[in-house]
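The values are calculated or read from the model by the stated rules, or taken from the named source; none is laboratory data. In this text, all values refer to a predicted model and were calculated from it rather than measured experimentally. A quick note on method: Cβ atoms are made from the backbone with ideal geometry, for glycine too, and the neighbour counts reach across all protein chains shown.
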Amino acid sequence: MSAVTGKVAAVTGAGSGIGRALALSLARRSARLALSDVDEAGLEETAAAVRALGVEVLTERLDVADRDAVVAHAEAVAGHFGVVHQIYNNAGIAFSRLVLESDWEDYERVLAVNLWGVIHGTKAFLPHLVASGDGHVVNISSVNGFLSQPRMSHYCASKFAVRGFTESLALELRQAGHPVRATVVHPGGIRTSIATNAVRSARERGLELTPADEARRRFMEEKVLKMDPAAAAETILKGVEAGRSRVLVGNDAKAVDALVRVLPSLHQKLFLAAERRVARV
């Protein structure tokens, strides 16, 4: 079992979506919080909501791709609270583009946040978690941590890697007898702005978006991203409290997990058929 109530917890990507919901759920469990995000306005909104619950909170604008900044942040959190028990490596971005059309920078950008951000957060906070005597690393992967999709090689590569990294970490911690658990989280379709942000980022970079791209965004927002982030956060924290090493969030994540395991070839055909259908909408 892994207690959450009263612990010091750090959450990256806390300015919106699952990160904000995690912060609020942790606050309701009387955890003391260190919240970070690149979105300062969103971060302050989350912090205000947390403070309204009477919880102590430390905030910092943080780019998780910046290793030195993450290390400094971990030291600052430990210095402020005197201890750190939990790190929720949640910050992430999405991107959609064919491999043949992708630039090197497309991969570097996604991996810098989604994979290196998780590694930075884990490495920077882990010594403090060990010292706490009751630590927990929680890394947010995705349903795309075990499910591949076309046009999503950047995102899938990062989320598959987060899964492998976290599962290896969990084994090392158990083998060494450290007082720290590690959990990898695979959310399904959560109602966040990740799809819209991906489209906006592409436009800001001057990339041409086709009608099919817009159709995919609409399909994601209207048909896939349905689960309330608050419900997702509760599922995650209940998994942490139960000491689970792997948490599937949402019935869709559970169904896809079963499909990939039982019918590894069929799921690829199904997704290609779905992609063709969505692109025609």
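Among (1) modelled with pLDDT of 95 or more; (2) within 18 Å of H136 (Cα to Cα), there is one condition A76 misses while meeting the rest; what is its number?
(2)
Working carefully through the options V38, V84, find the one that is closer than 27 Å to P179 by Cβ and in contact (Cβ under 8 Å) with a residue 24 or more places away in the chain.
The match here is V84.
Limited to the stretch 160-182, what total is found for residues that are in contact with a Ser or Thr (Cβ under 6 Å, 6 or more places away or on another chain) and part of a strand (DSSP E or B)?
Qualifying residue count for the region: 2.
Of the conditions (1) assigned to a helix (DSSP H, G or I); (2) closer than 25 Å to G42 by Cβ; (3) modelled with pLDDT under 90; (4) not aliphatic (A, V, I, L, M), K223 clears all except one; give me its number.
So K223 meets the others, but not (2).
Can you confirm whether the stretch 60-74 contains a residue that is touching a residue at least 60 places away in the same chain (Cβ under 8 Å) and under 22 Å from R191 (Cβ atoms)?
No, the conditions are met nowhere in the stretch 60-74.
Scan the stretch 102-156 residue by residue and report those that are in a loop (DSSP other than H, G, I, E, B), among the hydroxyl-bearing types (S, T, Y) and surrounded by fewer than 22 Cβ atoms within 10 Å (Cβ to Cβ).
Selection gives S102, S148.
Would you confirm whether or not the stretch 257-269 contains a residue that is among the basic types (K, R), at pLDDT below 90 and assigned to a helix (DSSP H, G or I)?
Yes, the stretch 257-269 contains at least one residue that is among the basic types (K, R), at pLDDT below 90 and assigned to a helix (DSSP H, G or I).
I'd like to verify a number: residues in the stretch 76-116 that are over 30 Å from R151 (Cβ atoms) and of a type in the set (A, V, I, L, M), how many?
6
Search the stretch 257-274 for residues that are under 22 Å from V185 (Cα atoms) and pair each with any residue that is at pLDDT below 80 when their beta-carbon atoms are under 6 Å apart and the residues are at least 6 apart or on different chains.
L259/H267; V260/H267
Confirm whether L100 is closer than 27 Å to V260 by Cα and free of Cβ contacts under 8 Å to residues at least 40 places away in the same chain.
yes
Looking only at the stretch 46-78, how many residues end up being farther than 21 Å from L126 by Cα, touching a Lys or Arg at 6+ places or on another chain (Cβ under 7 Å) and not hydroxyl-bearing (S, T, Y)?
3
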